[in-house]
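Student: One structure is given below, represented as structure tokens, and several questions about it will come after.
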Amino acid sequence: MSVRYNTFKYGLAGFLATLVAIVCQASENLQSDLERSNLKKALYCMDLLENRSDLEPAHRIETLRNECFAESYIQHSPHVPDGRDAVLNLFARRFKNNQETTTSIKRTASEGDLVWIHQHVKRSPEDPGHAVVNIFRMENGRFAEHWNVIQAVPEEPKNDNTMF
């Protein structure tokens, strides 16, 4: 093969490799914007859901309905009925009956349309609480689907590591 052909072939390969890298990087940046947006909205909604006892309960529920939960919300927790109204009714009862419940967020992550929130949930100040990992699939800035894993914080753990 001629030198000119090899130069062309390697030049074209280099150009295509650079183009692929640029397209991949642009795609990652777009996805990162979506991930950041989903995480920010999930944290806003989680704060409303878990920590805003200063708001009138009816106002909290209406804001959550209008801004945070998709109409077709899917619930995977086996202890909570499916659907947006069911989860909002559960929280309306909790706002009324368990006003001391607090949640502190320990870590978060997002990937594509999924958001993970690791929390310490306590029903009262003296309660050791539960470690909770909520996973949400976001759709148009709203919780569309939910999974969670819950583990009680033991009063006497077998090691010195925390759950948080």
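The values are calculated or read from the model by the stated rules, or taken from the named source; none is laboratory data. Small disclaimer: the values here were computed from a predicted structure and weren't measured. Here Cβ is always computed from backbone atoms with ideal geometry, including for glycine, and neighbour counts include all displayed protein chains. Calculation scope for accessible area: heavy atoms of the full protein, side chains included, ligands and nucleic acids excluded. Shrake-Rupley method; radii C 1.70, N 1.55, O 1.52, S 1.80 Å.
Student: Of the residues that sit in region 51-86 and are among the hydroxyl-bearing types (Ser, Thr, Tyr) and more than 16 Å from the chain's Cα centre (by Cα), which one is surrounded by the most Cβ atoms within 10 Å (Cβ to Cβ)?
Tutor: Among residues in region 51-86 that are among the hydroxyl-bearing types (Ser, Thr, Tyr) and more than 16 Å from the chain's Cα centre (by Cα), the one surrounded by the most Cβ atoms within 10 Å (Cβ to Cβ) is Thr63.
Student: When you scan region 121-133, do you find a residue that is open to solvent by 50 Å² or more (accessible area, probe 1.4 Å), of a type outside the set (S, T, N, Q), free of Cβ contacts under 8 Å to residues at least 60 places away in the same chain and in contact with a helix residue (DSSP H, G or I) (Cβ under 9 Å, 6 or more places away or on another chain), even just one?
Tutor: Scanning region 121-133 turns up no residue that is open to solvent by 50 Å² or more (accessible area, probe 1.4 Å), of a type outside the set (S, T, N, Q), free of Cβ contacts under 8 Å to residues at least 60 places away in the same chain and in contact with a helix residue (DSSP H, G or I) (Cβ under 9 Å, 6 or more places away or on another chain).
Student: If Ser110 passes every condition in (1) open to solvent by 60 Å² or more (accessible area, probe 1.4 Å); (2) in a strand (DSSP E or B) but one, which one does it miss?
Tutor: So Ser110 meets the others, but not (1).
Residue-wise test of (1) in contact with a Cys (Cβ under 7 Å, 6 or more places away or on another chain); (2) modelled with pLDDT of 95 or more; (3) within 26 Å of Val149 (Cβ to Cβ); (4) of a type in the set (Asp, Glu).
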site	(1), (2), (3), (4)
Arg4	no, no, no, no
Cys24	no, no, no, no
Glu28	no, no, no, yes
Arg36	no, yes, yes, no
Gln75	no, yes, yes, no
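Student: Could you check, for region 93-106, whether at least one of its residues is in a helix (DSSP H, G or I), of a type outside the set (S, T, N, Q), touching a Pro at 6+ places or on another chain (Cβ under 8 Å) and surrounded by 15 or more Cβ atoms within 10 Å (Cβ to Cβ)?
Tutor: Yes, that holds for at least one residue.
Student: Got a sec? Which of Asn89, Asn140 is on the phi < 0 side of the Ramachandran plot, modelled with pLDDT of 95 or more and surrounded by fewer than 16 Cβ atoms within 10 Å (Cβ to Cβ)?
Tutor: Asn89
Student: If you scan region 143-160, which residues turn out to be open to solvent by less than 70 Å² (accessible area, probe 1.4 Å) and without any contact (Cβ under 8 Å) to a residue 60 or more places away in the chain?
Tutor: Scanning region 143-160 gives Ala152, Val153, Pro154.
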